[in-house]
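The values are calculated or read from the model by the stated rules, or taken from the named source; none is laboratory data. Please read all numbers here as calculations on a predicted model, not as lab measurements. Positions of Cβ are backbone-derived with ideal geometry, glycine not excepted, and every protein chain shown enters the neighbour counts. Accessible surface areas use protein heavy atoms only, side chains included; no ligands, DNA or RNA. Shrake-Rupley method; radii C 1.70, N 1.55, O 1.52, S 1.80 Å.
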Amino acid sequence: MRKTLSIIAAALLVLALPTLGLAEEEAPVTDIAFILNSFSFLVSGALVMWMAAGFAMLEAGMVRSKNVATICLKNISLYSIAGILYYLIGYNLMYSGVDGGFLGSFGLWAPDDAAALAGDYSAGYASGSDWFFQMVFVATAASVVSGTVAERIKLWPFLLFCVVLTGIIYPIQGAWSWGGGWLDEMGFSDYAGSTIVHSVGGWAALTGAIILGARKGKYGAGGRVNPIPGSSMPLATLGTFVLWLGWFGFNGGSVLALGSVEAVVEMSVVYLNTNLAAAGGIVAAMIALQIIYKKVDLSMALNGALAGLVSITAGPATPSPGAAVLIGAVGGVLVVLAVPLFDKLRIDDVVGALSVHLVCGIWGTLAVPFTDGEASFLTQLIGVISVGAFVSVLSAGVWLAMKYTIGIRVSPEEEHSGSDTAELGLEAYPEFGQGSQKLR
């Protein structure tokens with residue numbers, strides 16, 4: 001019995017030695033940590049990819065039935081374009097050799113896991129898992145543009161803009177911070193992309209909406225705004241739920257690790273705060289709507305939830321649960337105020353993406369110093385302004401170049417009949433539309 005106890009004690013001492021050494025030097029990455037980190041990237045990336053479906057359903061519900069098939073095609077094709085461009089040029093431009101500068105290198109991305117396969121796990125995760133997780137974020141930025149300029153933009157010019165956005169614009173500004181560039185050197189903090197992803201899509205959408213112009217009949221004389229109801233509020237609600245679910249991968253995966261107790265605890269906090277911010281956003285939006293308009297509009301309430309999610313994205317790891325609710329609630333109120341403001345400026349945003357992703361992206365980024373003592377408000381402001389200026393100038397250049405060459409807007413007749421029949425030659429709901437009349 002005594003010999004058995006001695007053996008157990010010796011075994012426990014051996015198991016404890018690596019732990020005792022952590023106080024003196026950083027523990028090496030084990031194969032288990034490598035596996036868990038890679039697994040987190042892959043599963044979180046799959047959740048973020050599912051957000052593409054959320055955007056498609058949200059936008060399909062917000063546009064009129066004559067444009068539903070087109071908006072679905074745009075969302076699945078922009079996701080595909082984002083993947084190809086991020087492979088061809090985007091990833092290396094964002095991450096390869098930035099070294100405190102403004103951009104990385106040009107060239108194809110290629111996986112390199114030779115060290116891991118040889119037993120060296122110091123990279124922390126499989127290279128392909130990292131690429132996949134980063135790529136789905138690019139597609140999210142492009143999805144923001146799709147909803148804003150819907151119902152009057154041509155299909156191919158829109159997709160051409162997505163090529164430039166995902167291949168050039170997004171990676172360069174991303175290199176400034178996430179790629180270890182000059183903003184990162186300043187201490188700019190954007191945990192999961194309130195500015196780097198969401199406001200980038202917002203700035204690109206804003207310039208596009210201004211240059212493209214409003215839908216026919218949206219605005220009348222004397223500042224009158226004519227509501228244009230969407231095709232399906234249940235579909236928009238489903239899209240919002242899908243986006244809410246995908247956001248756990250968006251923010252939670254941005255912990256960038258799962259191979260330690262600290263990483264698991266941090267991810268739990270991020271999930272919790274992400275959920276509470278969304279809840280705070282929708283409840284605050286509903287209260288604001290009741291006070292201001294005496295009615296609660298479902299589409300605005302849905303955008304309140306998304307506003308809370310965008311608002312917390314810049315800093316989901318540091319707030320307390322109560323602070324997360326408040327950050328999301330401010331976002332929800334901002335959406336209620338921003339939607340009519342854009343209408344007063346006669347900037348037609350079909351799904352409210354500017355109010356959600358641009359306005360709340362800015363708010364979320366500037367709110368980080370309230371809960372993160374290491375963040376500077378001035379640095380956050382510099383990041384917001386520099387990214388906004390860069391994206392706006394380049395996006396406006398691309399939109400204008402296409403407008404005066406190939407054209408970006410469908411004809412008045414095509415806008416009246418709908419993009420589905422004009423550009424695709426089909427209808428999303430043929431039994432309810434013109435197709436059903438032809439069959440009679």
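Volume per residue for the chain equals 189 cubic angstrom (convex hull of Cα atoms).
Between A110 and I382, residue separation times 0.36 nm minus the direct Cα-Cα distance comes to 94.6 nm. Candidates L309, W109, I292 compared by Cα position along the dipole of the chain: farthest toward the positive end lies I292, with charges placed on Cβ.
Placing R0 at 41 angstrom, the Cβ-Cβ distance between E185 and F432 gives a FRET efficiency of 0.15 after rounding to 0.05. In plain terms, the chain from L400 to S96 could stretch by 106.4 nm, reckoned as 0.36 nm per residue minus the Cα-Cα distance.
Here the range 177-232 is described by how far its Cα atoms reach on the three principal axes: 50, 27, 17 Å, from widest to narrowest. Pairs of Cα atoms nearer than 8 Å and 6+ residues apart set the relative contact order; for the chain it is 23 percent. Split the accessible area of the chain by element, probe 1.4 Å, and carbon with sulfur accounts for 69%.
Rounded to the nearest 20, the Cβ-based charge dipole of the range 144-277 about its Cα centre (Lys and Arg +1, Asp and Glu -1) stands at 1020 debye. Working note: Karplus 6.51/-1.76/1.60 with θ = phi - 60° gives the range 319-335 the couplings x, 6, x, x, 5, 4, 4, 5, 4, x, 5, 4, x, x, 5, 4, 5 Hz, where Gly and Pro are set to x. Against the chain, whose longest principal axis is taken from its Cα atoms, helix 360-371 shows a tilt of about 30°. Phi angles across the range 289-304 convert, under the Karplus curve 6.51 cos²θ - 1.76 cosθ + 1.60 with θ = phi - 60°, into 3J(HN,Hα) values of 4, 5, 5, 7, 10, 6, 9, 10, 7, 4, 4, 6, 5, 4, 5, x Hz, Gly and Pro given as x. Evaluate E = 1/(1 + (r/R0)^6) for I76 and V264, where r is the Cβ-Cβ distance and R0 equals 22 Å; express this FRET efficiency to the nearest 0.05. Computed FRET efficiency for I76 and V264 comes out at 0.05.
Taking all protein chains as shown and a probe of 1.4 angstrom, S80 keeps an accessible surface of around 60 Å².
On a 0 to 90° scale, report how tilted helix 31-62 is relative to the longest principal axis of the chain, with both axes built from alpha carbons and the result rounded to the nearest 10. Its long axis makes an angle of about 10 degrees.
Which angle between 0 and 90 degrees, to the nearest 10, do you get for helix 155-164 versus the longest principal axis of the chain when only C-alpha atoms count? For helix 155-164, the angle is close to 30 degrees. Placing unit charges on the Cβ atoms only, positive for Lys and Arg and negative for Asp and Glu, gives the chain a dipole magnitude near 1840 debye about its Cα centre.
Each residue of the range 103-116 is assigned a 3J(HN,Hα), and the resulting list reads 7, x, 10, 9, x, 5, 7, 9, x, 9, 10, 4, 5, 5 Hz, derived from the Karplus form 6.51 cos²θ - 1.76 cosθ + 1.60 (θ = phi - 60°), x at Gly and Pro. Spin-label pair K216-I32: with each label point 7 Å from Cα along the Cα-Cβ axis, the two points sit 6.6 nm from one another. Close amide H pairs (under 5 Å, H built 1.01 Å from N) link R409 with K154, residues at least 5 positions away or on another chain. Here the gap between N226 and F39, fully extended at 0.36 nm per residue and compared with their Cα-Cα distance, gives a gain of 62.5 nm. Summary of packing: across the peptides 132-140, 160-168, the per-residue average of other C-beta atoms within 10 Å ranks them, highest first, as 132-140, 160-168.
Here the average projected area of the convex hull drawn through the C-alpha atoms of the range 332-374 stands at 3.2 nm². Projected label points at R409 and L345, each 7 Å from Cα along the beta carbon direction, are separated by 1.8 nanometres.
Amide H contacts of Y219 (H built 1.01 Å from N, in plane; Pro and chain starts excluded): N226 sit under 5 Å, all sequence-distant by 5 or more or on other chains. What area, in nm² and to one decimal, does the C-alpha convex hull of the range 148-191 cast on average over all directions? Mean orientational projected area (the range 148-191, Cα hull): 3.9 nm². Packing here is the average count of other Cβ atoms within 10 Å per residue, and on that basis the peptides 388-394, 272-278, 151-157, highest first, run 272-278, 151-157, 388-394. With only the Cα atoms considered, the range 58-140 has a convex hull volume of 125 Å³ per residue. The modelled label-to-label distance for the pair A389/W50, using points 7 Å beyond Cα in the direction of Cβ, is 4.1 nm. Relative protection proxy for 215-224, 119-128, from highest mean packing down: 119-128, 215-224 (other beta-carbon atoms within 10 angstrom). Ligands, DNA and RNA are left out, and with a 1.4 angstrom probe the accessible area of the chain is 43 Å² per residue.
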